[in-house]
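The values are calculated or read from the model by the stated rules, or taken from the named source; none is laboratory data. What you are looking at is a predicted structure, and each value in this text was computed from that prediction instead of being measured. Positions of Cβ are backbone-derived with ideal geometry, glycine not excepted, and every protein chain shown enters the neighbour counts. Protein only, heavy atoms only, side chains kept; ligands, DNA and RNA dropped before computing areas. Shrake-Rupley method; radii C 1.70, N 1.55, O 1.52, S 1.80 Å.
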Amino acid sequence: RCLLKMVKGNIIVPEEILNFCCNGLQGSASPPRAQEPGEREEALGAMASPLPARNPTEVQMSQLVLPCHTNHRNELSTGQLLKWIDTAACLSAERHAGCPCVTASMDDIYFEHTISVGQVVNIKAKVNRAFNSSMEVGIQVSYEDLCSGKHCSICKAYATFVAQGPSGSKVRLKPLAPQTEEEKIEYSIAAERRRMRLVHKDTLKDLLTRSPPDTELETRDGSGAVPAAKTRVESVELVLPPHANHQGNTFGGQIMAWMENVATIAASRLCHAHPTLRAIEMFHFRGPSQVGDRLVLKAIVNNAFKNSMEVGVSAEAYGQEMSASPRHINSAFMTFEVLDQEGRPRVLPMVAPEPGDGERRYREASARKKIRLDRKYVVSCKQTEVPLSVPWDQSNKVYLSYNNVSALKMLVAKANWALAREKEKVRMYTLEEDKFLSFRIEMSVCITASQAFFLLSNLSRRHEWDSHYMSAELVQKVDDDDMIYHVVSRMHREESKLQDFVILASRRKPCSKGDPYVVAFRSVTLPTHPPSAEYTRGETLCSGFCIWPESGEMSKVAYYNQAMPGYLNYVTTNVAGLSSDICATFEACEKFLLKNKEDLISRLQD
């Protein structure tokens with residue numbers, strides 16, 4: 001009918017012929033007859049959809065990965081994926097705003113898998129919450145293998161968009177009413193995420209202020225360090241109409257793709273290999289760029305950790321006269337890894353920062369690593385919704401003891417531990433999975449495994465080497481292998497109020513050759529020791545020691561801890577190299593073992 005009406009604008013077409021042609025296109029050459037009331041109700045019933053109401057802001061995009069979208073490994077380019085993510089999120093934002101929107105920022109993104117040629121990328125975006133003139137859009141990305149039917153999650157992202165009026169002025173947005181349980185949760189948490197974005201700079205500044213300026217950030221041999229200047233990249237791009245939206249502003253996704261390109265080149269210059277992008281620090285767009293602008297993109301490796309490196313990248317816009325002062329468009333920080341043939345991260349060379357700003361960026365990279373870990377595992381707070389401490393009772397002592405030891409053994413058996421720091425004989429590993437950040441710290445000590453086991457399983461003596469422990473009172477001796485302690489500790493020396501724990505300590509000797517000695521800890525609840533106003537009650541989910549015999553009198557002593565929310569800040573500060581407190585505590589543990597070894601031998605001989 002639309003086509004015929006267009007023709008009718010130039011040629012006289014009687015309305016009768018117009019109706020006749022349209023009915024013919026619908027498969028009927030006769031004029032339509034009026035429906036009976038019963039037939040109309042039956043037709044409406046047949047058209048009714050049984051599916052639940054869909055979020056009006058939801059946008060779904062499916063893209064088939066073609067060779068033109070991929071890199072040298074026939075995997076989807078991260079820059080291309082960022083463009084698709086930004087497009088889907090912008091369409092969702094404009095559905096809610098009813099007017100053009102521009103990208104203001106993109107939160108941290110962690111890429112879990114790569115996508116190959118022939119697979120389908122499925123992107124779902126919807127507005128989580130609308131504030132005054134900005135809104136948060138949640139994006140879920142997954143891939144689909146058309147041959148096997150397999151679906152797998154790629155990443156989850158949060159983007160902030162700002163609605164703009166005809167003259168570029170901000171538009172006040174209508175509030176969003178969440179309907180489902182999931183939407184209500186996202187709506188509630190969106191306010192907290194917004195708060196984190198607003199204080200992001202202050203968090204970094206405060207972290208650097210509290211860190212000693214002479215903190216040793218890396219303890220590896222620096223003789224073969226690569227000068228950071230050798231990784232520097234500069235590239236220029238001309239913004240053309242295909243790179244811009246309907247307002248003439250450059251697509252945020254296009255800028256992110258260009259930034260990812262130069263960052264990859266900088267990372268390659270450090271490792272002389274093809275790196276894999278694992279995470280992107282928050283993108284923050286400071287201003288728009290338009291068609292005709294020249295974008296100058298700069299990148300440099302800020303710091304290289306054991307198995308990853310941070311690349312800083314910026315985008316500046318110039319007009320036709322390059323001599324004019326630039327407009328800062330965006331800055332971002334990207335984390336890369338280099339994988340070996342088996343898909344495991346390779347050890348990277350160290351970076352020698354440039355004096356001045358280079359040293360500042362070097363230290364800031366360590367601080368950002370800590371912040372990234374904090375952000376990534378802030379979902380661990382979900383554990384606090386229910387008490388982790390299980391009430392202790394004689395009827396469940398066997399189950400709790402089994403659960404305590406088996407939980408530690410399962411943590412020990414994980415295969416994805418990554419070396420994070422080395423300081424002399426002490427090695428610190430991290431395990432990032434699902435909603436938890438766990439750490440392991442180990443060293444070899446000149447003591448037999450049985451001696452170390454005897455000394456470390458007695459929590460009453462832990463204050464002799466762990467400065468955080470004020471006291472550990474034995475409350476109940478369940479049997480020879482299980483004991484309950486009331487522990488008083490101070491995590492931070494400047495804290496005025498102490499923290500207390502009620503801990504079940506379960507120990508196990510090896511069942512067969514190759515098994516370690518195990519000392520496992522977890523929180524329990526005792527009616528004789530309820531929480532009091534004198535202390536802040538803390539909880540531990542899974543922690544403990546494993547001790548393996550080595551050659552002669554040498555033993556490998558390892559401590560494991562699945563970090564709780566209250567303990568997370570302390571752990572990530574040490575993982576990022578901004579503190580050596582954990583390493584110092586473990587060195588004190590070694591001295592305690594060596595000092596008491598001779599006394600223990602004499603006592604056993606007597």
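For Leu240 and Arg194 in one chain, what is 0.36 nm times their gap in residues minus the Cα-Cα distance, to one decimal in nm? Intermediate results must be reported in sequence, preceding the final value.
On the way: separation 46, 0.36 × 46 = 16.56 nm, distance 3.29 nm.
Length gained, Leu240 through Arg194: 13.3 nm.
So how far, in whole Å, is the C-alpha centre of segment 166-181 from the one of segment 515-535?
Cα centres, segment 166-181 to segment 515-535: 49 Å.
Just grab the label-to-label distance for Lys477 and Tyr570, each label 7 Å out from Cα along the Cβ direction, in nm (one decimal).
Roughly 2.9 nm, to one decimal.
How big is the charge dipole of segment 384-596 about its Cα centre, in debye rounded to the nearest 20, if each Lys and Arg gets +1 on its Cβ and each Asp and Glu gets -1 on its Cβ? Walk me through the numbers on the way to the answer.
Values: 24 positive and 26 negative charges, 66 e Å.
That gives segment 384-596 a dipole magnitude of about 320 debye.
Spin-label point model (7 Å from Cα, Cβ direction): what's the His274 to Tyr535 distance in nm?
Reported label-point gap for His274 and Tyr535 is 5.6 nm.
Keeping all protein chains in place and using 1.4 angstrom, which order do Val313, Val475 fall into by accessible surface area, from largest down? All intermediate terms of the calculation are to be shown ahead of the outcome.
Working: Val313 5, Val475 50 Å².
So, going from the largest accessible area down, we get Val475, Val313.
With every protein chain present, what accessible area does Ser325 have (1.4 Å probe, heavy atoms only), rounded to the nearest 10 Å²?
Counting only protein heavy atoms, the figure is 100 Å².
List the pairs from Lys477/Lys509; Lys369/Lys423; Lys156/Lys369; Lys414/Lys591; Lys425/Lys597; Lys306/Lys414 whose alpha-carbon separation is above 21 Å, in the order I gave them. Walk me through the numbers on the way to the answer.
Details: Lys477/Lys509 18 Å; Lys369/Lys423 18 Å; Lys156/Lys369 19 Å; Lys414/Lys591 29 Å; Lys425/Lys597 19 Å; Lys306/Lys414 19 Å.
Long pairs (Cα-Cα over 21 Å): Lys414/Lys591.
Heavy atoms only, 1.4 Å probe, whole protein assembly: order Cys68, Cys546, Cys90 by accessible area, highest first. Intermediate values should be presented prior to the final figure.
Working: Cys68 105, Cys546 0, Cys90 25 Å².
Sorted by accessible area, descending: Cys68, Cys90, Cys546.
Let me check something: with ligands and nucleic acids excluded, how do Thr180, Thr78 order by accessible area (1.4 Å probe), largest to smallest? Walk me through the intermediate numbers first.
Details: Thr180 70, Thr78 30 Å².
The ordering from most to least exposed comes out as Thr180, Thr78.
When the Cα centres of segment 254-274 and segment 399-455 are compared, how far apart do they sit, in Å?
35
Among Leu474, Thr448, Phe436, pick out the residue whose Cα is farthest towards the positive end of the charge dipole of segment 384-596, where Lys and Arg carry +1 and Asp and Glu carry -1 on C-beta, about the Cα centre.
Farthest towards the positive end: Thr448.
Does segment 384-596 come out rounded, prolate or oblate by the C-alpha gyration tensor, with a ≥ b ≥ c the root eigenvalues, rounded set by a/c under 1.5 and, if not, prolate when a/b is larger than b/c and oblate if not? Each step should come with its number before you reach the end.
On the way: a/c = 1.41, a/b = 1.16, b/c = 1.21.
It is rounded, given that a/c, with a ≥ b ≥ c, falls under 1.5.
Ignoring ligands and nucleic acids, what accessible area does Met564 show with a 1.4 Å probe (Å², nearest 10)?
Answer for Met564: close to 20 Å² accessible.
What spacing in nm lies between the two simple spin-label points modelled at Lys513 and Trp417, each 7 Å away from Cα in the Cβ direction?
That separation, rounded to one decimal, is 2.3 nm.
Given the whole protein assembly as supplied and a 1.4 Å probe, what does the accessible area of His328 come to in Å², nearest 10?
80
For the ranges 142-155, 585-598, what's the packing order if you count other beta-carbon atoms within 10 Å of each residue, average per peptide, and put the highest first? Numbers along the way, then the final one.
Values: 142-155: 13.3, 585-598: 16.7.
In decreasing order of mean packing, 142-155, 585-598 become 585-598, 142-155.
Hey, how many Å between the Cα centroid of segment 53-72 and the Cα centroid of segment 327-378?
What the calculation gives is 29 Å, centre to centre.
Considering the options Ser543, Cys511, Phe521, tell which one lies farthest towards the positive end of the dipole of segment 384-596, charges being +1 on Lys and Arg and -1 on Asp and Glu at the Cβ, about the Cα centre.
Final value for the positive-end residue is Cys511.
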